[in-house]
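Colleague: Take this structure first; my questions come after.
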Amino acid sequence: MEAVAVNNAIKGGEFLIRETKAQDIFIPEEFTEEQRMMAQACKDFIDKEVNPNIYDMDSMKEGFMASLMDKAGELGLLGVGVPAEYGGLGMSFNTSMLIADYVGAGGSFSTAYGAHTGIGTLPIVYYGSEEQKQKYLPKLASGEWKASYCLTEPDAGSDANSGKTKAVLSEDGKSYSITGQKMWISNAGFADLLIVFAKIADDKDLTAFIVERTWDGITMNDEEKKLGIKGSSTRQVFFNDCKVPVDAMLSTRGNGFKIAVNILNIGRIKLGVGVLGGCKSIIADATKYAKDRKQFKTPIANFGAIKHKIAQMATKSYANESASYRAGQNIEDNINALIASGMPEGEAKLKGVEQFAIECAIIKVYGSEVLEFVANEGVQIYGGMGFSEEAPMARAYRDARITKIYEGTNEINRMLLVGTIIKRAMKGELNLMPAAMAVAQELTSIPSFAEADASELFAEEKEVIKNLKKAVLMVAGKAVQTFAMQLNDEQEIMMNIADMIIEIYAAESTILRTEKLIGIKGEAACEVQVAMTKVNLYEAVDKVNRAGKEAIACFTKSDEQKVLLMGIKRYTKLNPINTKDARRLIADAVIEAGEYCF
């Protein structure tokens with residue numbers, strides 16, 4: 001029975017061709033009391049330890065960030081993803097997403113926290129030997145030791161596997177000598193442990209090592225002066241004949257690139273959900289300012305232009321929240337199903353995340369761009385004060401910018417998600433080809449003028465989502481037919497297709513969340529959520545239309561182009577809605593609450 005459950009579970013990327021029902025997704029309103037208590041502990045920590053000391057943090061006061069990590073460790077926050085037998089809390093994947101969400105309000109601290117608990121600790125959790133886990137995980141979970149992750153090099157950023165750092169085996173076979181340079185290393189200034197990637201001899205792929213800071217041959221430059229996240233430690237790290245015992249190799253020789261890819265998948269979705277804390281903090285600050293700031297003898301919160309901004313900030317955050325926890329629970333369910341089928345827990349966790357690499361990339365891109373939008377609008381609501389370092393928006397604006405760069409740039413993630421979908425389709429892991437062919441045949445048929453069943457909740461919106469999926473299948477199918485394996489060289493077209501996919505996933509997630517919420521609370525209690533859902537879909541349709549037309553114009557001509565453009569027009573239809581009234585309803589709810597209240 002367990003094997004059947006695994007086979008029937010939705011696969012990564014399958015949302016494009018498989019209908020998802022509201023009852024089959026998780027929504028954040030379903031978190032348990034225990035999970036909410038853990039989230040509240042995170043919020044209390046940020047409110048008590050981080051926010052009152054924000055200038056000490058951003059000025060990099062000596063020892064301050066390390067002391068914050070110590071305090072977080074005392075509360076158990078550093079051990080969320082570490083199994084209980086190694087001193088951690090062993091919490092579920094979606095619970096760790098919730099923690100990342102709340103920690104995201106901590107500015108530079110969230111970067112230090114993420115680097116330690118994610119890319120610094122998880123390689124050992126998932127790939128470490130029993131001896132390595134026993135030796136290091138209790139120290140990392142408690143905060144006694146801090147971790148960092150040394151992958152990026154001056155000439156190896158997005159192409160991580162091209163790194164030049166070398167590991168040479170000693171003549172007696174007892175140690176490796178690591179020599180090379182790493183850059184943009186978060187937590188480097190206070191880390192006790194470094195996950196280091198290097199190549200052995202002429203190996204094609206990297207190998208990973210656990211390196212202790214006290215070992216000889218490690219030097220660092222001064223702290224980087226950065227645009228944002230100024231309170232986080234970022235240094236270049238130099239390895240000069242650094243002797244590393246052979247038993248410090250993580251996993252097996254040549255498996256480092258796979259470790260990096262899988263850990264980055266986790267980092268991507270955690271970043272995507274982690275920006276929510278920042279979004280919510282900005283919305284609260286901007287709303288309070290708009291209520292207090294008077295112009296023409298009235299609070300600016302009463303003006304339609306400001307309400308438009310507040311509504312957009314809330315709507316995009318709601319969509320990101322919906323998509324993030326949908327994907328997070330899919331990963332968790334997949335992990336649990338794999339464990340139930342007999343797969344070892346560590347392997348199941350890796351396979352569970354790897355299966356949803358497409359969704360991880362979607363959440364990373366969508367979330368980081370939502371945060372950038374929210375921060376930009378926050379500055380604008382503050383007006384002149386938004387440009388002042390004395391107000392919170394300047395820091396929020398600067399801190400937001402990095403999220404589109406680390407954990408893989410958004411451009412890389414866009415191409416990654418499209419490439420992964422096509423690769424899985426070619427292997428028969430995703431049954432996309434028949435669906436794309438069916439859409440191609442439908443283009444030459446007479447359109448159906450049947451209307452959606454008005455008695456079904458969100459019937460029209462669901463029909464729109466179905467058509468949007470047809471639009472992306474049409475464009476992607478034609479692109480694959482035209483370019484075959486050379487599509488990877490057509491990066492502009494791949495990014496157009498990615499934009500279509502990202503908007504569809506976020507819009508569908510929002511519809512399903514609101515539908516499920518109505519089933520719990522009733523439609524009257526969800527009036528604002530319905531408004532956000534409709535506004536978000538309205539904008540998503542426009543973006544899909546624009547990206548689709550742009551892609552089609554790049555690789556088709558004459559009659560073929562006309563047919564495809566007619567297809568885009570056909571598949572991106574949506575009856576107009578009164579967005580002004582919908583946004584004012586949303587904004588009024590946020591203004592009354594004084595915060596993001598959904």
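Colleague: Which percent, nearest 5, of DSSP beta bridges in the range 149-255 are antiparallel?
Modeller: Of all bridge pairs located within the range 149-255, approximately 85 percent are antiparallel.
Colleague: Next up: What number, in percent, do you get for the relative contact order of the chain if the mean sequence gap of Cα pairs under 8 Å and at least 6 apart is divided by its residue count?
Modeller: After rounding, I find 15 percent.
Colleague: Further, regarding this structure: Near residue 230, which lysines are there with a Cα under 18 Å away, not counting those fewer than 8 places off in the same chain?
Modeller: Here the lysines satisfying the reach criterion relative to residue 230 are 61, 404.
Colleague: Then there is this: Can you give the relative contact order of the range 441-598 as a percent, counting alpha carbon pairs under 8 Å and 6+ residues apart? The partial results should precede the final answer.
Modeller: Values: 129 pairs, mean separation 46.9, N = 158.
30 percent.
Colleague: Roughly how many whole Å is it from the C-alpha centroid of the range 21-67 to that of the range 221-253?
Modeller: Measuring centre to centre over Cα atoms gives 26 Å.
Colleague: Ok, one more. Report the local net charge at residue 419: Lys and Arg +1, Asp and Glu -1, summed over other residues whose C-beta lies under 12 Å from its C-beta.
Modeller: +1
Colleague: Between residue 200 and residues 5 or more places away or on another chain, which pairs have amide H atoms under 5 Å apart, with H built 1.01 Å from N, and which residues are they?
Modeller: For residue 200, the qualifying residues are 167, 207.
Colleague: How far apart, in nm, are two points set 7 Å out from the Cα along the Cα-to-Cβ line at residue 426 and at residue 291?
Modeller: In this crude label model, residue 426 to residue 291 measures out at 5.5 nm.
Colleague: Provide the percentage of antiparallel DSSP beta bridges, counting only those with both residues in the range 133-209; round to the nearest 5. Please list the in-between numbers first.
Modeller: On the way: 8 of 14 bridges.
Once the DSSP bridges in the range 133-209 are tallied, antiparallel ones form about 55 percent.
Colleague: I need the calculated FRET efficiency for the pair residue 203 and residue 62, taking r as the beta carbon distance and R₀ as 41 Å, to the nearest 0.05.
Modeller: 0.50
Colleague: Right, another one. Report, in degrees rounded to the nearest 10, the 0 to 90 angle that the Cα long axis of helix 130-142 makes with the longest principal axis of the chain.
Modeller: With rounding to tens, the tilt is 70 degrees.
Colleague: Could you sort 346-353, 576-583 so that the peptide with the highest average Cβ count within 10 Å comes first and the rest follow in order? Working shown, then result.
Modeller: Values: 346-353: 19.4, 576-583: 13.6.
Put in order of decreasing packing, that is 346-353, 576-583.
Colleague: Taking θ = phi - 60°, what integer Hz values does the Karplus form 6.51 cos²θ - 1.76 cosθ + 1.60 yield along the range 543-556, in sequence order, with x for Gly and Pro?
Modeller: With the stated coefficients, the range 543-556 comes to 5, 5, 4, 5, 5, x, 5, 5, 5, 4, 5, 7, 9, 10 Hz.
Colleague: Sticking with this structure for a sec: Restricting the calculation to Cα positions, tell me the Rg (one decimal) and the Dmax (whole number) of the chain in Å.
Modeller: That works out to 24.4, 81 Å for Rg and Dmax.
Colleague: Something else about it: What's the FRET efficiency of residue 456 with residue 542 using the Cβ-Cβ distance as r and R₀ = 22 Å, to the nearest 0.05?
Modeller: It comes out at approximately 0.35.
Colleague: Pop the C-beta distance of residue 388 and residue 597 into the FRET formula with R0 = 41 Å and round what comes out to the nearest 0.05.
Modeller: In this case the efficiency is close to 0.90.
Colleague: So what's the projected area for the range 149-255, the Cα convex hull averaged over all directions, in nm²?
Modeller: Approximately 6.7 nm², given one-decimal rounding.
Colleague: Let me confirm the definition first: pairs of Lys residues in the range 301-366, 8 or more apart or on different chains, C-alpha distance under 22 Å. How many are there?
Modeller: Lysine pairs meeting the criterion: 4.
Colleague: Another question, if that's okay. Under a 5 Å amide H to amide H cut-off, with H placed in plane at 1.01 Å, what residues pair with residue 255 once short-range neighbours are removed?
Modeller: Amide H neighbours of residue 255: 208.
Colleague: Please give the length that would be gained between residue 554 and residue 8 if that part of the chain were fully extended, namely 0.36 nm times their separation in residues minus their C-alpha to C-alpha distance (nm, one decimal).
Modeller: 192.8 nm
Colleague: Where does the charge balance sit around residue 480 when Lys and Arg score +1, Asp and Glu -1, over other residues with C-beta under 14 Å from its C-beta? Each step should come with its number before you reach the end.
Modeller: Numbers: positive: 423, 424, 427, 478; negative: 489, 490.
Computed value for this residue: +2.
Colleague: Here's another thing I want to ask about it. Taking 0.36 nm per residue of sequence separation and subtracting the Cα-Cα distance, how much length would be gained by fully extending the chain between residue 573 and residue 253, in nm to one decimal?
Modeller: Full extension from residue 573 to residue 253 adds 109.9 nm.
No lab work stands behind these numbers, since they all come straight from the coordinates. Everything numeric here is computed off the predicted structure, so don't read it as measured data. When we count neighbours, we look across all protein chains shown, and the Cβ atoms used for this are built from the backbone with ideal geometry, even at glycine.
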